[in-house]
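**Q** Below are the structure tokens for one structure; questions will follow.
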Amino acid sequence: MIGKIEDKVIEMVVNAKGGWIPSEISELGLTPDLTFEDGDTLIIVETAARGDAQSLARLSLYDRLVKKRGREVVLILAANSFSDRVLDLADRSGIRTVMLPRGSLPPRKDDDRVKGGVKLTSEKAWRVVSGLLKDQPTSIRSISIRERVSYGWAHTVCKHLLNQGMARRNGNLVEVTDVDRLMNGAAWERPLLGLRSIEIRTEITEAFACAVEMERTMNAAGFDHSFTGFLAGSLFTGMAVRYDRVQVYVDEAEFDFLKDIYSRNDGKGVVIQLLCPDRDVITGSRVVEGLRLASPGQTLLDLAGLGTGGMELRRALLREYARL
């Protein structure tokens, strides 16, 4: 059966054939690249020129959504190239990989992956989304002025939310009506650890103390940074949560510097997750209790990107978001 399915995937990609989109996914505004049935089994395929962690995360989300309906699912990532890391992640996630033949996959930009032409987690689109969440209901013009984006772009993003059933319009005012679905979509589009990142195991026993020491070190070294994720969420909301990971944006060039300082092979303390920014994470950052944090809007996106692990803090931040 395995060979039969893999051959079918290659045939369908090579011939650019579409597939049946299951309603349990499409009704959420999520559309895999290819789907088809083999008996009672649903095959879900994501394609890429080079297999990546984001594609694996999307497949895992599809898997959870479809299995809630009691269906048997096979997940496949089809690409022209795979790194050892992606192959290992796929194997651990129960996702099959298919190597596509040369010339079988037309090149496309990441933004083209989102049907309707709007990637809500892109830097410009998320400014509109977070601006709407902060002050709603509000007009598209007000969002455009406040977030310093063109009216046309603000209108495009809001129209996408309306078309997907995640927002509603009352006169000239727009408001988000399905925040959980919006955040699930954000997690699918931009899983936080899908960014270029490394993990450093330390011997430091407490997360806040770890961040304080890192703040002092990075300020002395003179490079830009901003904490996000669990630490930023807890400081913005005042919510006491237990976490043993500290997420911080730093330039990739500084990874080795921090690793040399904090890494311990047998470290059983706090895990530092260094994230290479995919956008400006310094403008709009805040200093809270002596620590530079990514903006509330960026932190909200990053907590969404942590999936279920960040859900509690994400919801708390949304409750406080208007005042921040």
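The values are calculated or read from the model by the stated rules, or taken from the named source; none is laboratory data. The model shown is predicted, which means the values in this text are computed figures rather than measured ones. Glycine gets a Cβ as well: all are built from the backbone with ideal geometry, and neighbour counts include every protein chain shown. Calculation scope for accessible area: heavy atoms of the full protein, side chains included, ligands and nucleic acids excluded. Shrake-Rupley method; radii C 1.70, N 1.55, O 1.52, S 1.80 Å.
**Q** Could you tell me whether any residue of the stretch 169-190 is of a type in the set (Lys, Arg) and in contact with a Lys or Arg (Cβ under 9 Å, 6 or more places away or on another chain)?
**A** Pass one, the stretch 169-190, residues of a type in the set (Lys, Arg): 169, 181, 190.
Subset that is in contact with a Lys or Arg (Cβ under 9 Å, 6 or more places away or on another chain): 190.
So far as the stretch 169-190 goes, yes, one or more of its residues are of a type in the set (Lys, Arg) and in contact with a Lys or Arg (Cβ under 9 Å, 6 or more places away or on another chain).
**Q** Mind listing whichever residues of the stretch 228-238 are at pLDDT 95 or above and either more than 20 Å from Ala187 (Cβ to Cβ) or charged (D, E, K, R) (or both)?
**A** Leu235
**Q** Now a separate question. Would you please list the contacts, defined by Cβ atoms under 7 Å and residues six or more apart or on different chains, that run from a residue in the stretch 248-259 that is within 13 Å of Met214 (Cα to Cα) and in contact (Cβ under 8 Å) with a residue 40 or more places away in the chain to a residue that is surrounded by 14 or more Cβ atoms within 10 Å (Cβ to Cβ) and not hydrophobic (A, V, I, L, M, F, W, C)?
**A** Tyr249/His225; Tyr249/Ser226; Tyr249/Thr228; Tyr249/Pro277
**Q** In the stretch 197-212, which residues are open to solvent by less than 20 Å² (accessible area, probe 1.4 Å) and part of a loop (DSSP other than H, G, I, E, B)?
**A** Step one: list which residues in the stretch 197-212 are open to solvent by less than 20 Å² (accessible area, probe 1.4 Å), which gives 200, 202, 207, 210-211.
Residue satisfying the conditions is Thr202 alone.
**Q** I'd like to know if the stretch 64-84 contains one or more residues that are surrounded by fewer than 21 Cβ atoms within 10 Å (Cβ to Cβ), in contact with a Lys or Arg (Cβ under 8 Å, 6 or more places away or on another chain), aromatic (Phe, Trp, Tyr) and part of a strand (DSSP E or B).
**A** No - not one qualifying residue is present in the stretch 64-84.
**Q** Of a type in the set (Val, Ile, Thr) and over 15 Å from Ala207 (Cα atoms), is that true of Thr228?
**A** Details: of a type in the set (Val, Ile, Thr): yes; over 15 Å from Ala207 (Cα atoms): no.
Judged against the criteria, Thr228 is not a match.
**Q** For Gly309, work out the one condition from (1) in a helix (DSSP H, G or I); (2) open to solvent by less than 60 Å² (accessible area, probe 1.4 Å); (3) over 17 Å from Leu133 (Cα atoms); (4) touching a residue at least 24 places away in the same chain (Cβ under 8 Å) it doesn't fulfil.
**A** If we test Gly309 against (1) in a helix (DSSP H, G or I); (2) open to solvent by less than 60 Å² (accessible area, probe 1.4 Å); (3) over 17 Å from Leu133 (Cα atoms); (4) touching a residue at least 24 places away in the same chain (Cβ under 8 Å), just (4) comes out false.
**Q** Tell me, yes or no, whether the stretch 239-250 has at least one residue that is open to solvent by 10 Å² or more (accessible area, probe 1.4 Å) and under 24 Å from Gln136 (Cα atoms).
**A** First, the residues of the stretch 239-250 that are open to solvent by 10 Å² or more (accessible area, probe 1.4 Å): 239-245.
Next cut, under 24 Å from Gln136 (Cα atoms) only: 239.
Yes, some residue in the stretch 239-250 is open to solvent by 10 Å² or more (accessible area, probe 1.4 Å) and under 24 Å from Gln136 (Cα atoms).
**Q** Right, another one. In the stretch 186-196, how many are outside any helix (DSSP H, G or I) and open to solvent by 40 Å² or more (accessible area, probe 1.4 Å)? So that I can check it myself, show each step before the final result.
**A** Quick first cut of the stretch 186-196, residues outside any helix (DSSP H, G or I) only: 190-191, 195-196.
Now narrow it down to the ones that are open to solvent by 40 Å² or more (accessible area, probe 1.4 Å): 196.
The total comes to 1.
**Q** Among (1) touching a residue at least 40 places away in the same chain (Cβ under 8 Å); (2) open to solvent by 20 Å² or more (accessible area, probe 1.4 Å); (3) not small (Gly, Ala, Ser), where does Ile145 come up short?
**A** For Ile145, the exception is condition (1).
**Q** In addition: Considering only the stretch 297-316, I want to know if a residue exists there that is within 21 Å of Ser197 (Cβ to Cβ), in contact with a strand residue (DSSP E or B) (Cβ under 7 Å, 6 or more places away or on another chain) and among the aliphatic types (A, V, I, L, M).
**A** Going residue by residue through the stretch 297-316, those that are within 21 Å of Ser197 (Cβ to Cβ) are 297-311, 313-314.
This time we only want the ones that are in contact with a strand residue (DSSP E or B) (Cβ under 7 Å, 6 or more places away or on another chain), so: 298-299, 302.
Subsequent filtering for residues that are among the aliphatic types (A, V, I, L, M) retains none.
No, the conditions are met nowhere in the stretch 297-316.
**Q** Then there is this: Scan the stretch 164-185 for residues that are surrounded by 21 or more Cβ atoms within 10 Å (Cβ to Cβ) and among the β-branched types (Val, Ile, Thr) and report the count.
**A** So the count comes out to 1.
**Q** State whether one or more residues within the stretch 38-61 are at pLDDT below 80, open to solvent by 50 Å² or more (accessible area, probe 1.4 Å) and either closer than 29 Å to Ser122 by Cβ or touching a strand residue (DSSP E or B) at 6+ places or on another chain (Cβ under 7 Å) (or both).
**A** yes
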